[in-house]
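What follows is a single structure, written as structure tokens, with notes after it.
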Amino acid sequence: MHMKQKHYHTLKKKVVKLYTCKLCKRSFRSRYGLSYHLKRHQGISHTCPFENCRKRFTNKQSLKKHRSIHSNERKHLCNICGKTFNLIDSLNYHLKAHSGGRMHLCAQCGKSFKQACHLKVHMWKHTGIKPYLCSSCGREYTTGDQLKRHHRKYCGIGRVPPKQRRRRNLTATFSTEDFEDQIKSETILNDNEDDN
């Protein structure tokens with residue numbers, strides 16, 4: 001009982017440090033993520049050779065995976081419905097639809113999700129976190145799709161640049177009793193000067 005009463009405040013919050021790119025202000029949770037991202041600024045990239053695509057990748061493996069999207073070859077077969085996919089990741093995602101199981105449950109409202117990342121975005125609605133920022137007017141949104149709709153409707157921007165997302169100093173904390181293992185209690189600090 002003593003441990004629970006006296007040290008509860010230390011269990012309640014966890015700090016996650018972000019590493020921010022000084023050139024474009026994008027943030028990453030690890031030094032590796034930042035160094036991988038910096039390759040783009042240094043011009044180290046592999047460009048998709050297909051005419052109407054021209055997407056760029058920081059490594060050959062990502063380019064190879066992307067190129068299969070342009071191919072008509074669909075070598076990954078769903079043994080349940082016969083649908084074929086060009087990426088194994090797409091097949092694995094599809095197979096979850098057949099299982100009917102939604103493994104990630106929101107403790108707040110009971111809504112369930114097939115992907116942990118979808119639960120994470122859903123939790124932002126409960127906590128008020130809005131990491132997507134309109135560069136024109138400053139309005140904030142929970143999802144990238146909301147920001148895209150806003151740009152089309154109010155800002156006259158037809159196409160939003162990819163990954164136009166801003167991580168700000170988020171000070172929301174979550175009770176570990178409420179969310180347990182679903183979401184880690186965290187305060188995200190943007191500490192660029194000390195660690196980058």
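Values quoted throughout were computed directly from the atomic coordinates according to the rules given, and no laboratory measurement underlies them. Quick caveat, the model's predicted, so the values are computed rather than measured. Cβ placement follows ideal geometry from the backbone for every residue including glycine, while neighbour counts extend to all protein chains displayed.
Between residue 98 and residue 149, residue separation times 0.36 nm minus the direct Cα-Cα distance comes to 15.3 nm. Think of the stretch 75-145 as a dipole: +1 on every Lys or Arg Cβ, -1 on every Asp or Glu Cβ, centred on the Cα centre; then among 103, 90, 122, 103 lies furthest on the positive end. The stretch between residue 79 and residue 36, if pulled fully straight at 0.36 nm per residue, gains 11.8 nm over its current Cα-Cα span. Fully extending the segment from residue 29 to residue 87 would add 18.2 nm, taking 0.36 nm per residue of separation and subtracting the current Cα-Cα distance.
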